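Since the structure comes first, as structure tokens, the remarks are kept for the end.
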Amino acid sequence: IITLDAATNQSLQLKWTLPKSGSYTFAVIGDTGGNTELDWCLQRAAELGATFLLHLGDFNYGQGDYQRAVEQFHASPLPCYISIGNHDFNDSGLVYHHFLSNLGSFNNAFSFAGTRFVNFDTAADFLPASGGMRGELFERLVADPTPNQVFFTHRPLRDPRPGHDHIVSGLNEDKWIQRVIAQSGGGTLLTGHVHHSAELNVNGIKQYTVGEGLGHEDILLQQPVAQLLLGHIEHQQPPTYEWADINMPWAYHRSHTH
């Protein structure tokens, strides 16, 4: 935790350097809630050798989840970069101030080993789609395109389940997102929201849906089938991906949403 006192208009730049390695691994999961399921997902990501974790939102499903999740992210065995989910934004009233105060901004980007990671907000519909701080972030990305990119957010462009529509639903929002991803250099899109694991091609964008953080299907099928995603980075090379079993012990399935 770093605390800085600076003038309002002062520009500051902080840099961290990791030991050099031939390759790095990052883990991806969403829709964990803030109970013991989140504990296990963080632990499992570390066990699998991840350098950091991308959380795709919805860690807040019930009373006490928000505060507990904040504490868990802060005490995590590996760094976490977190997208805001719809439940983290609005839960019987607006609650997003907890996110801004404790977890970060809704829209941001960082580069790691030659790959740019872009965290953007889909927790609520935008009108216009290109407005706000999200639009400002994408303007900067388009002005500086790069071929190796990973975009991560909560809601998907397409629902992988036939007949379902848990998607980005603002007016022309999905088309705008597809366009700016392409204009900024293209890349992979990682999403949660749908409590399922799937891969789709959305007009040339590879979309991974990674929303099994609660492990619902483990309970339904009475066997451990839920998955998280692992990404592998080699310097200046496009990331590669593989699925990994979450292997959540039964004692960790405690969310009231079950």
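Quick one: in the stretch 10-45, of everything that is aromatic (Phe, Trp, Tyr) and in contact with a strand residue (DSSP E or B) (Cβ under 9 Å, 6 or more places away or on another chain), which residue is most open to solvent (accessible area, probe 1.4 Å)? Reasoning before the result, please.
Within the stretch 10-45, the subset aromatic (Phe, Trp, Tyr) is 16, 24, 26, 40.
Checking which are in contact with a strand residue (DSSP E or B) (Cβ under 9 Å, 6 or more places away or on another chain) leaves us with 24, 26.
Details: Tyr24: 37, Phe26: 0 Å².
Filtering first and then ranking leaves Tyr24.
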Looking at Gly22, Gly30, Gly34, which is the one that is in contact with a helix residue (DSSP H, G or I) (Cβ under 6 Å, 6 or more places away or on another chain) and of a type in the set (Gly, Ala, Ser)?
-> Gly34
Reported set for the stretch 171-184 where residues are among the basic types (Lys, Arg) and surrounded by fewer than 16 Cβ atoms within 10 Å (Cβ to Cβ) is Lys175
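Give the number of residues within the stretch 190-241 that are of a type in the set (D, E, K, R), modelled with pLDDT of 95 or more and surrounded by fewer than 17 Cβ atoms within 10 Å (Cβ to Cβ).
Pass one, the stretch 190-241, residues of a type in the set (D, E, K, R): 199, 206, 212, 217-218, 234.
Adding the requirement that they be modelled with pLDDT of 95 or more leaves 199, 206, 212.
Okay, now just the ones that are also surrounded by fewer than 17 Cβ atoms within 10 Å (Cβ to Cβ), so 199, 206.
Of the residues in the stretch 190-241, 2 are of a type in the set (D, E, K, R), modelled with pLDDT of 95 or more and surrounded by fewer than 17 Cβ atoms within 10 Å (Cβ to Cβ).
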Listed by first then second residue, the pairs whose first member lies in the stretch 55-72 and is farther than 26 Å from Leu230 by Cβ, whose partner is open to solvent by 10 Å² or more (accessible area, probe 1.4 Å) and outside any loop (DSSP other than H, G, I, E, B), with beta carbons under 8 Å and at least 6 positions apart or on separate chains, are Tyr66/His98; Gln67/His98
Find the residue count for the stretch 23-50, including only residues that are part of a helix (DSSP H, G or I) and out of contact with any Leu (no Cβ under 9 Å at 6 or more places or on another chain).
-> 6
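Matching residues to (1) touching a Phe, Trp or Tyr at 6+ places or on another chain (Cβ under 7 Å); (2) among the aliphatic types (A, V, I, L, M):
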residue	(1), (2)
Gly132	yes, no
Leu137	yes, yes
Lys175	no, no
Gly192	no, no
Ala198	no, yes
Gly204	no, no
Thr209	no, no
Leu228	no, yes
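The values are calculated or read from the model by the stated rules, or taken from the named source; none is laboratory data. Everything quoted here is computed from the prediction, not taken from an experiment. Glycine also receives a Cβ, built like all others from the backbone with ideal geometry; neighbour counts cover every protein chain displayed. For the accessible areas, the whole protein counts, side chains as well, though only heavy atoms, and no ligand, DNA or RNA atoms are used. Shrake-Rupley method; radii C 1.70, N 1.55, O 1.52, S 1.80 Å.
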